[in-house]
Structures are given as C-alpha cells and as structure tokens.
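Novice: First, the structure itself, so that you have it in front of you.
The values are calculated or read from the model by the stated rules, or taken from the named source; none is laboratory data. Worth saying up front: this structure is predicted, and the values here are computed from it rather than measured. Positions of Cβ are generated from backbone atoms using ideal geometry, with glycine treated the same way; all protein chains shown enter the neighbour counts. Heads up: the accessible areas ignore ligands, DNA and RNA and are worked out on the full protein's heavy atoms, side chains in. Shrake-Rupley method; radii C 1.70, N 1.55, O 1.52, S 1.80 Å.
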Amino acid sequence: MQLTNRSKVVSNKEMTLMERAYLPAIVKGMGITLSHLFKKKVTIQYPEVKRPIAPVYRGWHVLKRDEQGRENCTACGLCAVACPAEAITMTAAERKPGDENLYREEKYASVYEINMLRCIYCGLCEEACPKEAIFLTDRIVPSDMLRQNFIFGKDKLVEGTTADKRIDVGVRGGAHRKED
Amino acid sequence: MELVLIIKLILVVAVFAIALGIAAYSTYGERKIAAFFQDRLGPNRAGPFGLLQPLADGVKMIMKEEIIPAHADKTLFILGPALAMLTACMTGVVIPWGSTIEIGGAYYPLQITDINIGILYAFAVVSIGVYGVMIGGWASNNKYALLGALRASSQMISYELAMGLSIVALVMTTGELSIGEIVRQQHGWHWNVIYQPLGFLIFIVCAFAECNRTPFDLPECETELVGGYHTEYSSMKLGFYLFAEYINMFISSAIISALYFGGYNFPFMDSLGLSHNMVTTIGVFVFFAKVIFFIFFFMWIRWTLPRFRYDQLMNLGWKKMIPLAIINVLITGCVVLLLNKN
Ligand code: SF4
Ligand code: SF4
C-alpha cells in the first residue's frame with residue numbers, strides 16, 4: 001500500500017566517492033534549509049489570531065442562570081461525582097427567604113470551585129447535571145503564573161445577569177434541550 | 001603621538017562595544033534564523049520585531065538565582081566563565097576593521113595593533129579560551145560537566161592542528177604573519193580564497209569546531225551531557241559562557257573574512273574615484289557585511305546539520321582534516337617554489 005508519493009527506497013550498498021565526500025550532501029541540505037527561510041510561516045499569533053475551533057469545543061466552564069437571572073445550580077453534587085478528575089468541589093447552602101430572585105432552587109452552591117489544572121475537559125459534568133447548570137464553552141482558559149489562580153470560583157464560572165454578560169453555550173445547550 | 005593614542009583608545013572602546021553588540025544581536029539572530037528555517041516566526045514580542053529580546057534575555061540572566069555548588073572549587077568556578085569571556089574579547093585587537101583614515105595628512109590604520117605575528121597571537125588567545133571551558137567543567141565537580149570539558153579540550157587540540165596547518169599554507173603564499181599585511185595584499189579582488197580554496201575549507205570546518213558550534217557542539221550536547229561543561233552554572237556565569245560563544249563566533253567570522261575574503265577590500269575599490277576616507281568607510285561596511293554573512297553561515301550550518309558522534313568527530317579531525325591540510329601545505333609549497341624559480 002502506498003500512502004504518499006514521497007517514499008524512497010533505502011539500500012545499504014556501498015557509498016560512492018561523491019557520497020562519501022560528504023560535502024555535496026551538506027550543500028544539498030543547506031539548500032533545503034535555505035528554501036525554508038522563504039516559506040510561509042505556520043505560526044498562529046495566538047492572542048491576536050485564533051485557530052478556528054469546532055462548535056463542540058470544550059473549554060472554560062460556565063454556570064448558567066435561567067431566563068430570570070437565577071442560578072440554575074442546586075448543589076446536588078452530581079457533577080462532582082461524575083468528574084473523573086475530581087476537579088469540582090462545592091459547599092451547599094439553603095436559600096434564605098428573599099433570595100428567590102438569586103437562586104432557582106431552595107438549595108444552592110455557596111461555594112463552587114473547579115480546579116482548572118485538574119480538569120481534563122471531558123464534559124462529563126455537563127452530561128451529569130440534571131439542572132442544565134454547567135456547560136463547557138469555547139472559551140480558552142487563560143494562562144497564569146500561580147497555581148492557585150487556576151482554582152476557578154463562582155466569580156469566574158457563573159455568567160452575568162444582563163444580556164451582554166450572558167455566555168452563549170452554542171450547540172451544546174441546544175443538544176441538551178432536545179434530550180430533555 | 002597623542003592623537004594616535006586617542007584614536008587607539010576610541011578604537012578599543014568601539015571594537016569592544018561592537019563585539020558585544022553584535023554578539024548580543026547574534027543571539028537574537030540565531031533564534032530568528034532557527035525559527036525561519038523551521039517555518040516559525042521566532043521571538044517577536046519584545047519591542048518591534050522582537051528587537052529588544054537580547055535585553056530581555058540579559059535581564060533574565062542577571063535576575064536568576066546564582067548557585068555555586070557546595071562541592072565546587074569556588075575560585076576556579078568563578079575563573080572559568082571569566083576566562084572564557086576575557087579571551088573571547090581579546091582577539092579583536094589584531095583584526096583590521098578597515099584600511100587607514102587620513103586626518104590632516106597623516107594616515108591612521110583602523111586596527112588596534114598590527115603586531116607582526118598577528119595570526120599567532122589570535123591562535124594563542126583562542127587556545128587559551130579552551131581553558132575557560134576546561135576549568136569550568138573541572139571546578140563544577142560534576143561528571144557531566146567534566147565529560148563536557150574533556151570533550152572540549154580534546155576536540156580543540158585535534159582541530160587546532162588542522163587549523164594551524166591550513167594557516168601554514170596561507171602564510172606560505174602570502175609570506176606574512178601580520179593580519180594587517182595579509183589583508184593589504186588582497187587588494188581589490190585578489191582574495192586568498194581564490195588561491196587557497198582547500199585551505200579555506202579546512203579552516204572554516206576547524207573554526208566551527210573551535211567555536212563549539214554544531215555539528216561539533218559535543219562539549220555541550222544536551223542529549224547526552226545535560227548541559228555539558230556548563231551544567232552547574234546559572235545566572236550571569238552561564239550567560240558569560242553562552243555570550244563568549246557568540247563573541248567567538250563573531251571573531252572567527254572576522255578572521256575568516258580577513259584572512260580569506262579580503263577583509264575590507266572590495267572589487268573596483270580604486271576605479272570608483274572616491275576619496276581615501278570614503279573608500280575606507282565603504283571598506284568598513286564591506287568588512288562587516290562579510291562578517292555578518294559568515295555569522296549567518298555559522299547559524300545556517302547549525303540548523304542544517306545534526307551533531308557528529310564523538311568517534312566520527314575524531315576520525316574527521318585526525319584522519320581527514322590533518323592529511324588534507326598536509327597535502328594542501330605540500331601542494332602550496334610546490335607551487336610557490338615553482339613560481340619563485342621563474
Ligand atoms: S469537564 Fe470533566 S474533568 Fe472537567 S470538571 Fe467537568 S467532569 Fe471534571
Ligand atoms: S452544576 Fe448541576 S450537577 Fe453540579 S451541583 Fe449544580 S446542579 Fe448539580
């Protein structure tokens with residue numbers, strides 16, 4: 001089977017004087033490297049230019065709110081159980097009277113943390129969630145100097161309430177809704 | 001008399017600054033060229049086109065933690081990089097950077113000193129350079145560093161022989177040991193590379209070996225020896241070693257251009273009808289263009305060829321380079337004799 005037309009037959013026969021002189025081969029090699037000097041560069045200038053990513057890309061999680069701006073998560077812990085990397089920790093709290101506009105269920109997560117260094121971006125938390133609270137988005141987690149900054153709390157996970165602060169989960173949200 | 005001293009002083013400072021500047025920008029050039037050869041872009045974030053990268057590297061080197069291993073010989077450990085740097089900077093004095101400049105009827109050469117054994121001086125100083133590597137590797141008290149130092153010294157000795165022999169042939173054709181005089185003889189396009197092509201080839205291969213550049217960078221080969229002789233070094237001491245390599249590269253390029261490629265001479269330099277000082281100025285630029293080309297050549301080779309195995313290196317040095325150099329000396333000798341008879 002031939003995959004490309006670039007294959008070369010290798011043989012172990014005695015080298016000719018020309019080949020043993022070594023210099024012609026060096027000159028040929030230098031020609032190859034020199035031609036690369038003028039080739040188009042493959043580098044993508046990351047923060048300014050981004051490589052196109054698939055619609056199902058799994059990146060930085062978002063904790064969704066419902067239409068009225070209330071947090072969906074009820075701190076059931078199913079995502080933490082499902083997580084193969086044990087990246088999710090949370091503390092549950094009971095909703096106080098008067099907080100109905102903040103949390104959709106009577107129980108909510110007062111602390112919700114994902115360790116982004118442990119996370120393998122498998123998306124199992126999203127699959128496990130019964131409340132459509134957690135989704136993975138196409139946002140790439142930014143780099144940082146300190147490990148502790150990679151433990152993302154609710155400040156970095158929960159989306160905003162106003163329309164412009166909402167985070168679109170694209171086809172992932174739609175796919176879930178169909179299953180329900 | 002005083003004017004001579006002032007000019008010499010200016011020259012010393014200028015050569016020193018230029019050597020350091022070019023070495024600093026060779027590190028940038030090296031990374032850029034490596035990147036281009038590999039279809040990448042290279043450093044381009046520090047300043048426009050990444051031009052401030054050498055500065056950033058320097059700051060990084062200085063800010064790093066300075067570690068002297070507990071079992072290292074402290075004096076020698078510090079002496080190593082100091083010696084490497086010192087010898088790297090010393091060779092520049094015998095290189096003629098340009099022809100003469102005319103000030104008020106008197107001519108002053110653009111060469112710090114034209115000692116009559118310039119070539120020997122350059123080689124002596126370059127050979128001392130290997131002590132920097134050896135002392136550093138020995139003082140580190142680390143087997144990888146020691147192995148690197150051993151390799152460096154045996155490699156230097158092997159290739160210095162062939163290099164010396166190629167120079168012998170050159171000395172036979174020119175009849176001179178002073179670099180200034182050799183360059184003057186190559187007036188116009190009478191470059192020595194035309195008379196000594198084989199000698200030039202041997203010389204440049206040996207220059208690669210002397211500078212510890214790929215394909216002869218065995219003293220610091222990362223794949224086998226961690227970092228070679230500078231395994232234990234950190235901070236600016238490591239910086240000095242790396243920097244000395246680039247200065248050596250610059251000086252080697254300068255010596256190659258001076259000995260074989262006519263130095264500051266360029267074709268048709270007399271027929272342009274320019275004033276003496278003008279020709280000299282152009283000559284200086286021509287010289288630096290040649291030097292920069294050879295620095296590029298060093299990098300070009302580095303990113304083309306893989307490293308030799310150690311036995312291959314020794315085979316090449318002793319069984320190919322030295323016989324070739326001797327044959328070259330013989331042929332040159334015969335030709336010189338025949339020509340002188342007539
Ligand atoms: S994506 Fe996977 S690894 Fe990451 S938090 Fe969710 S379940 Fe855990
Ligand atoms: S994100 Fe979903 S699965 Fe996880 S605790 Fe909240 S509601 Fe439960």
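Novice: I'd like the residue in segment A:141-171 that is of a type in the set (Gly, Ala, Ser) and within 15 Å of the chain's Cα centre (by Cα) and, out of all such residues, is farthest from ligand 1 (Cβ to nearest atom).
Specialist: A:Ser143
Novice: Would you mind finding the one in A:Arg139, A:Arg118, A:Arg51 that is modelled with pLDDT of 90 or more, of a type outside the set (A, V, I, L, M, F, W, C) and more than 15 Å from ligand 2 (Cβ to nearest atom)?
Specialist: Only one candidate passes the filter, namely A:Arg118.
Novice: Still on this model: Of the residues in segment A:94-140, how many are away from ligand 1 (no atom under 16 Å from the Cβ), in contact (Cβ under 8 Å) with a residue 12 or more places away in the chain, assigned to a loop (DSSP other than H, G, I, E, B) and closer than 21 Å to A:Arg166 by Cα?
Specialist: Adding up the residues that qualify gives 5.
Novice: Output the number of residues of segment B:189-210 satisfying the condition of being open to solvent by less than 10 Å² (accessible area, probe 1.4 Å) and in a loop (DSSP other than H, G, I, E, B).
Specialist: Within segment B:189-210, residues that are open to solvent by less than 10 Å² (accessible area, probe 1.4 Å) and in a loop (DSSP other than H, G, I, E, B) number 1.
Novice: Go through segment B:71-125 and give me each residue that's open to solvent by 40 Å² or more (accessible area, probe 1.4 Å) and hydroxyl-bearing (Ser, Thr, Tyr).
Specialist: Correct list: B:Thr75, B:Tyr107, B:Thr113, B:Tyr121.
Novice: Only one of these conditions is not met by B:Glu30: (1) farther than 22 Å from B:Ala152 by Cβ; (2) buried (at least 19 other Cβ atoms within 10 Å of the Cβ). Which number is it?
Specialist: In the conditions (1) farther than 22 Å from B:Ala152 by Cβ; (2) buried (at least 19 other Cβ atoms within 10 Å of the Cβ), B:Glu30 misses (1) alone.
Novice: Exposed (fewer than 14 other Cβ atoms within 10 Å of the Cβ), within 14 Å of chain B (Cβ to nearest Cβ) and either among the basic types (Lys, Arg) or more than 16 Å from ligand 2 (Cβ to nearest atom) (or both): is that true of A:Val56 in this structure?
Specialist: no
Novice: Can we say B:Gly263 is on the phi > 0 side of the Ramachandran plot and out of contact with any helix residue (DSSP H, G or I) (no Cβ under 7 Å at 6 or more places or on another chain)?
Specialist: Criteria not met by B:Gly263.
Novice: Could you tell me whether A:Glu19 is charged (D, E, K, R), away from chain B (no Cβ under 14 Å), away from ligand 1 (no atom under 16 Å from the Cβ) and open to solvent by 70 Å² or more (accessible area, probe 1.4 Å)?
Specialist: yes
Novice: Can you tell me which of A:Thr33, A:Thr74 is among the hydroxyl-bearing types (Ser, Thr, Tyr), more than 13 Å from ligand 2 (Cβ to nearest atom) and either within 14 Å of chain B (Cβ to nearest Cβ) or part of a loop (DSSP other than H, G, I, E, B) (or both)?
Specialist: The conditions single out A:Thr33.
Novice: OK, next. Return the residue satisfying two criteria in turn: it lies in segment A:77-93 and is small (Gly, Ala, Ser) and within 14 Å of ligand 2 (Cβ to nearest atom), and of such residues it is farthest from A:Thr161 (Cα to Cα).
Specialist: The selected residue is A:Ala82.
Novice: Which one is nearest to B:Tyr260 (Cα to Cα), of the residues in segment B:294-342 that are among the charged types (D, E, K, R) and free of Cβ contacts under 8 Å to residues at least 24 places away in the same chain?
Specialist: Checked segment B:294-342; the qualifying residue nearest to B:Tyr260 (Cα to Cα) is B:Lys320.
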